[in-house]
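The values are calculated or read from the model by the stated rules, or taken from the named source; none is laboratory data. In this text, all values refer to a predicted model and were calculated from it rather than measured experimentally. A quick note on method: Cβ atoms are made from the backbone with ideal geometry, for glycine too, and the neighbour counts reach across all protein chains shown. Accessible surface is based on the protein model in full, side chains and every heavy atom, while ligands, DNA and RNA are left aside. Shrake-Rupley method; radii C 1.70, N 1.55, O 1.52, S 1.80 Å.
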Amino acid sequence: MIRLRSRSDFQRVRRTGKSWAHPLTVLLARSNQMTHTRIGFVASKSVGGAVQRNRAKRRLRAELSAQSTHITAGWDLVFVARRPILDCSAQTLSEAVTELLSRARLLLHSEH
C-alpha cells in the first residue's frame, strides 16, 4: 500500500475529489492518472487527543492494508476518521470500509 503524505495531495483530493460518508469514516477519492493507488488517513481533534487520533488512523491503516489488493489502481484516497471508530469492532470497521469502497466503485470485484 502506497501512502499519500503530501499536504498538497491531501488538499487536492479534498478540493476536487468526490466523497462518501459512513458513521465511522468518510472516503474522499480522486483519480490520480497513475498506475497505483495512494491512500492517506486523517483524524481531526474531534476524534480525541493524540492517542485516540493515532489509534483511529492505525485501525484504518490496518484495515486498508488488508483490503489493498482489492482496490482499483489509479486513485488517491483519503479516509477521514470519525469519533465512533474508536469504539467499534474490527468486523464493523471492515464492513464500513468495504461498503464505502463499494459505493465509490473502487473494488476490483463486488464482495456484496
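Summarised as an ellipsoid, the chain has semi-axes of 20, 17, 12 Å, derived from the eigenvalues of the Cα gyration tensor scaled by 5 and square-rooted, with the largest first.
For the chain, the solvent-accessible area works out to 56 Å² per residue, with a probe of 1.4 Å and every protein chain left in place.
Surface composition of region 56-112: carbon and sulfur atoms hold 48% of the protein heavy-atom accessible area at a 1.4 Å probe. Think of it as helices only: each DSSP H run of n ≥ 4 in the chain is worth -39500 (n - 2.57), and spread over all residues that comes to -12000 deg cm²/dmol at 222 nm. Among ALA62, ALA96, ALA29, the largest mean-square fluctuation in a Gaussian network model of the chain (Cα springs under 10 Å) belongs to ALA62.
Its relative contact order, with pairs defined as Cα atoms under 8 Å and 6+ residues apart, puts the chain at 35 percent.
Summing Cβ point charges (Lys, Arg +1; Asp, Glu -1) relative to the Cα centre of the chain gives a dipole of roughly 620 debye.
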